[in-house]
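Below is one structure; the comments refer to it alone.
No value in this document is a laboratory result; all are computed from the given coordinates. Fair warning: this is a prediction, and the values are worked out from it, not measured in the lab. So basically every Cβ, Gly included, is an ideal-geometry build from the backbone, and we count neighbours across all protein chains shown.
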Amino acid sequence: MALSRELDNGRLLTFEAEGHTAFGRSACATDAVTAYLVALKVPKRGTSCADETQPPSSTPTVAPPGTTLSELRNGVSDRVERIGTLR
């Protein structure tokens, strides 16, 4: 917190939840991170995001036997493209 006050353009984005990862768990946090990574736009001072219950993923956690590296890359590309639609 102290460092965010010391930097002119520093911001602390508070995530009101347990755990270490906010991206993808909260539309507020995901939007703030995406806005910074895409446009270097920082959130307003004092921004706080809440945890949101996410629907269970239909994506398997382990690739089915016989999945090619190309198929895995395509899956990652699809997810990266979806990040752009979250903005």
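Assorted remarks:
- Distant-in-sequence amide contacts of Ala50, defined by a placed amide H-H separation under 5 Å and a gap of 5 or more residues or a different chain, comprise Glu16.
- The residues neighbouring Gly10, those whose beta-carbon lies less than 15 Å from its own, together hold a net charge of +3 under the Lys/Arg +1, Asp/Glu -1 convention.
- Estimated vicinal HN-Hα couplings, Hz - the stretch 33-39 in sequence order (Karplus 6.51, -1.76, 1.60; Gly, Pro = x): 5, 4, 4, 6, 5, 8, 10
- Summing charges over neighbours of Lys44, with a neighbour being any other residue whose Cβ is under 13 Å away from its Cβ, gives +2 when K and R count +1 and D and E count -1.
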